[in-house]
1. Among 211, 34, 145, determine the one that fluctuates most according to a GNM of the chain built with springs between C-alpha atoms less than 10 Å apart.
2. Past the 19 Å Cα-Cα mark, which pairs from 48/77; 28/60; 77/223; 48/78; 34/223; 34/241?
3. Using the alpha-carbon centroid of each, what span in Å lies between the range 28-43 and the range 150-207?
4. From the backbone phi of the range 92-97, what are the Karplus-calculated ³J(HN,Hα) couplings (6.51 cos²θ - 1.76 cosθ + 1.60, θ = phi - 60°) in whole Hz, Gly and Pro given as x?
5. Taking every pair of distinct Cα atoms and averaging 1/r, then inverting, what Kirkwood hydrodynamic radius in Å comes out for the range 120-243?
6. How far apart, in nm, are two points set 7 Å out from the Cα along the Cα-to-Cβ line at residue 142 and at residue 32?
7. Along its principal axes, what span do the Cα atoms of the range 4-240 show, with the longest given first and each in whole Å?
8. Would you grab the residues whose amide H sits under 5 Å from the one on residue 167? Only those 5+ places off in sequence or on another chain, please, with H modelled 1.01 Å from N.
Amino acid sequence: MMGEKGERTAAVVLAAGQGKRMQSGVAKQYLLLKERPVIWYSLEAFEKSPVDEVILVTGKEETDWVREHIVDRYGFKKVRAVVAGGAERYHSVCRGLSALDGQDQRPDLVLIHDGARPLISEEVIRRTIEAAREYGACVAAVPVKDTVKVADGDQFAETTLDRSLLWQIQTPQAFRYGLVKGAYDSLMADPALQKGITDDAMVVERMTNEKVKLVMGDYRNIKVTTPEDMTVAAAFLDDLKKM
Ligand SMILES: Nc1ccn([C@@H]2O[C@H](COP(=O)(O)OP(=O)(O)OP(=O)(O)O)[C@@H](O)[C@H]2O)c(=O)n1
Ligand SMILES: C[C@](O)(CO)[C@H](O)COP(=O)(O)O
């Protein structure tokens with residue numbers, strides 16, 4: 001099946017993190033959030049979206065379990081492969097992108113999404129697809145609401161940043177596939193440049209001359225990171241009547 005405008009669109013959904021900051025026995029992507037595992041919500045959103053196929057990246061010991069207990073159990077038809085991730089988020093992304101390269105048909109566009117962001121909406125998915133088509137590279141983001149200061153090493157305020165220029169970056173982050181694959185290949189070839197990489201836009205900014213467009217995300221599209229985020233996510237789901 002082909003997505004809108006004849007372009008093939010894929011998503012790489014990341015679920016290979018250990019979720020250390022959640023301090024739970026089970027990795028946070030498998031914790032139950034209103035009776036479904038956290039990862040279910042992202043897979044469900046992509047299942048209903050114009051995306052043609054999904055690569056799910058999990059811990060290397062978890063691929064079989066996830067295939068059986070998440071993908072098959074809930075009938076996610078768009079999940080083409082479950083592949084093992086790596087030690088850092090960028091290693092996991094790299095493996096997801098490589099899984100797409102090995103297929104009969106490379107996608108034109110790829111969305112990279114944190115499986116730890118269960119509140120992803122179909123509108124935000126659509127906006128990032130459209131912006132990737134227009135600009136080649138984009139990230140979902142929301143304007144910062146608080147005042148942001150830079151502290152010195154002793155935790156005294158040094159400067160206050162101009163808030164009108166500050167955005168909080170979310171996922172999906174969407175790109176022309178060839179652009180982001182090339183950027184990741186270059187990054188993997190140069191360990192010195194891997195320091196401090198926390199998102200995919202940074203890889204494109206660091207390794208290419210392409211500009212990354214910021215498109216409006218959603219304040220509800222939080223990443224569940226620490227325990228209180230589970231309560232917030234459940235409240236947002238109630239609000240949206242998702243479950
Ligand atoms: N080696 C890694 C690290 C992270 N991720 C994924 O990238 C997203 C980023 O979220 P983050 O909160 O950083 O996840 P963790 O690394 O699991 O969290 P922590 O840093 O608390 O251990 C998550 O969906 C996570 O599963 C991944 O696929 N592979
Ligand atoms: C990609 C990301 O979600 C953008 O906010 C984020 O950088 C990933 O989270 P991490 O905790 O830094 O791995």
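Here, each number is a calculation from the coordinates, and none is a lab measurement. Being a predicted model, the structure only gives us computed values, none of them experimental. Virtual Cβ from ideal backbone geometry, glycine too; neighbours counted across all protein chains shown.
1. Highest fluctuation among the options: 145.
2. 77/223
3. First find each Cα centre; the distance between them is then 27 Å.
4. With coefficients 6.51, -1.76 and 1.60, one gets 5, 4, 4, 5, x, 5 Hz.
5. After inverting the mean inverse Cα-Cα distance, the result is 16.6 Å.
6. 2.8
7. Principal axes ranked by extent give 52, 41, 34 Å for the Cα atoms.
8. 144
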